[in-house]
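The values are calculated or read from the model by the stated rules, or taken from the named source; none is laboratory data. Computed from a predicted model, the values in this text were never measured in an experiment. Virtual Cβ from ideal backbone geometry, glycine too; neighbours counted across all protein chains shown. These accessible areas exclude ligands, DNA and RNA; they are computed on the full protein's heavy atoms, side chains included. Shrake-Rupley method; radii C 1.70, N 1.55, O 1.52, S 1.80 Å.
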Amino acid sequence: ELTSRPIICGDGWDSKIVSTSTGSALRFVASTAFTGAMLRDFAVAPQSAGGGTYGLEITLLPNGYVGDWLMDRLWIGDFGAQGLFLNNPANTDGLFTGTVRGGVITNGIKGVRLGDRLSFSEINVPGRGLGFDISGVPGSRLLRIDGCTIVTKGGAISFEAVEQGQLVNNHMEHPWYLGSYAGDLQTMVNLSNCYHCQVLHNRINAMHGA
């Protein structure tokens, strides 16, 4: 667990962290301001498939926030829960002006009370659960998911209380070879209590083959 601004730059996916933890493999806790955080060009995986909880977790304590941050070309393996967990339990200023770009994030991305101007682009999201499970801070705007390939058993994208969200140019598919739909929402894309959102030029393939 790290409590200062993280900057971790690997040399590609051969720069690999193998976790034996029963919790999150990498956990960053912000009790003050993190600005300029950077995580790029490395891999993280559990020692055994399905091990631990989250591959990468950022949690905000009271008065903590993370702004102007980048995650680029990460490979996150098959953990017990989502590959990436962005967690803002209560703060008004939370996780904002950040980019997650490229790479592979297995079992999806969970974002609790995310803030303004966040971009998720060109990410391959395979796995068991819901691809993107995102809620917004009231009043925050401009969260964009663009050009991602989402092949997950529990549906592709859920937005809760997201304002001016954008879902653009994504490929969303149910992985029939892993069996039947296993989510709670009974849909591939769910928008609840959202407004002024755009859903444009996406491909949705929900079939379940033999």
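Couple of notes before you dig in:
- Probe 1.4 Å, all protein chains present, accessible-area order of 196, 174, largest first: 196, 174
- Cα-based Rg of region 57-120 normalised by 2.2 N^0.38 Å, two decimals: 1.09
- Electrostatic dipole magnitude of region 72-174 [Cβ: Lys, Arg +1; Asp, Glu -1; Cα centre; debye, to 20]: 80
- Whether region 119-158 is rounded, prolate or oblate, judged on the alpha carbon gyration tensor where a/c under 1.5 counts as rounded: oblate
- Accessible area per residue in Å² at 1.4 Å probe, computed on region 157-210: 59
- Using Cβ point charges alone (K and R +1, D and E -1), the dipole size of region 1-139 about the Cα centre works out to roughly 140 debye.
- Quotient of C-alpha Rg and 2.2 N^0.38 Å, computed over region 1-113: 0.99
- All Cα pairs of the chain, percent lying beyond 31 Å: 13
- Taking the accessible area of region 17-64, probe 1.4 Å, and keeping the other protein chains in place, the carbon and sulfur fraction comes to 52%.
- In this view, the solvent-accessible surface of residue 69, computed with a 1.4 Å probe and all protein chains in place, comes to about 10 Å².
- Order of exposure, largest accessible area first, which applies to 9, 197, 148 with probe 1.4 Å: 9, 197, 148
- Residue order for 4, 135 - accessible surface, 1.4 angstrom probe, largest first: 4, 135
- Proportion of all alpha-carbon pairs of region 20-59 beyond 13 Å (%): 58
- With coordinates expressed along the principal axes, the C-alpha atoms belonging to region 136-210 extend over 44, 24, 12 Å, beginning with the largest.
- Relative contact order (%) - the chain, alpha-carbon pairs under 8 angstrom, separation at least six: 13
- Accessible solvent surface per residue of region 5-98, calculated while the other protein chains remain in place, 1.4 angstrom probe, Å²: 43
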